[in-house]
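Colleague: My structure is below; once you've seen it, I'll send some questions.
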Amino acid sequence: MKNHKLLFTFTIFYFLMGLINIHFALLGIVCMTLPIILLFKNRKKTWCQNYCPRASLYKTVGKYNRHSCKTPIFFIKGNMKWIILLYFVISLTFISISTLRVALGSKPPMEFLRYFILLPLPFHFPQAFDITFASSWLTHLSYRFYSMMMTTTTLGLIMALLYKPRTWCTVCPINTMSDVYLKTCRHETNKIRN
Ligand code: SF4
């Protein structure tokens, strides 16, 4: 990986910004769309190889793990990446539907954080200042997005501490989707050549 070693500060900055105001969580949408845009444009994993702040964080944290266990084969060759992709798709679907319902007034906004869609954090998430003019659906979307980023980043950190630093990358939904896309591209190219 050619990622700059200080890129991880962006990840820390992102989570700190959520403490200033939760609406900054929407910056995470950039982190999700940029890898896909670069993938379509360059037909390679430009984001993963050069710019991903999360990979930089895992690499930095993983340096302090001197007794890593062997990465389970289930992660490398098994279904773990599909399970994580499924979680990601379900999570995004829930986020979209519930945000729409909040916007339509049929559901109150969720103004707390939770892990894995189900487990609410047992304390109020502190906010340095409130944005009173923000629509309730935008606030809801921000909390949901921050929750998803928090869940996946924590999972990646646990994996970095248990196994190799970038174990998360083997199951990351962005990586799985990129692999499927690049495989399809190669298949199409081979078909044209033959
Ligand atoms: S696989 Fe995921 S975490 Fe790893 S570099 Fe790519 S986007 Fe970042």
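Values quoted throughout were computed directly from the atomic coordinates according to the rules given, and no laboratory measurement underlies them. From a predicted model like this one, the values you see are computed outputs, not experimental measurements. Positions of Cβ are generated from backbone atoms using ideal geometry, with glycine treated the same way; all protein chains shown enter the neighbour counts.
Colleague: Given the structure, is LYS44 over 25 Å from LEU113 (Cβ atoms) and either assigned to a loop (DSSP other than H, G, I, E, B) or near the ligand (Cβ under 9 Å from one of its atoms) (or both)?
Modeller: Values: over 25 Å from LEU113 (Cβ atoms): yes; either assigned to a loop (DSSP other than H, G, I, E, B) or near the ligand (Cβ under 9 Å from one of its atoms) (or both): yes.
It is true that LYS44 is over 25 Å from LEU113 (Cβ atoms) and either assigned to a loop (DSSP other than H, G, I, E, B) or near the ligand (Cβ under 9 Å from one of its atoms) (or both).
Colleague: Would you please list the contacts, defined by Cβ atoms under 9 Å and residues six or more apart or on different chains, that run from a residue in the range 32-58 that is without any contact (Cβ under 8 Å) to a residue 24 or more places away in the chain to a residue that is more than 8 Å from the ligand (Cβ to nearest atom) and polar (S, T, N, Q)?
Modeller: Pairs that qualify, where the first residue is without any contact (Cβ under 8 Å) to a residue 24 or more places away in the chain and the partner is more than 8 Å from the ligand (Cβ to nearest atom) and polar (S, T, N, Q), are LEU38/THR46; LEU38/ASN50.
Colleague: Please specify each residue of the range 7-23 satisfying the condition of being in contact (Cβ under 8 Å) with a residue 12 or more places away in the chain and assigned to a helix (DSSP H, G or I).
Modeller: The first filter runs over the range 7-23 and keeps only residues in contact (Cβ under 8 Å) with a residue 12 or more places away in the chain, leaving 7-12, 14-15, 18-23.
Those that are in contact (Cβ under 8 Å) with a residue 12 or more places away in the chain and assigned to a helix (DSSP H, G or I): PHE8, THR9, PHE10, THR11, ILE12, TYR14, PHE15, GLY18, LEU19, ILE20, ILE22, HIS23.
Colleague: Quick check, is LEU39 closer than 20 Å to MET148 by Cα and aliphatic (A, V, I, L, M)?
Modeller: Values: closer than 20 Å to MET148 by Cα: no; aliphatic (A, V, I, L, M): yes.
Criteria not met by LEU39.
Each row is one residue, and each column tells you yes or no for (1) in contact (Cβ under 8 Å) with a residue 40 or more places away in the chain; (2) surrounded by 14 or more Cβ atoms within 10 Å (Cβ to Cβ); (3) within 16 Å of the ligand (Cβ to nearest atom).
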position	(1), (2), (3)
ARG101	no, yes, no
ARG114	no, yes, no
LEU118	no, no, no
PHE129	yes, no, no
LEU138	yes, yes, no
SER147	no, yes, no
LYS164	yes, yes, yes
THR170	yes, yes, yes
THR176	yes, yes, yes
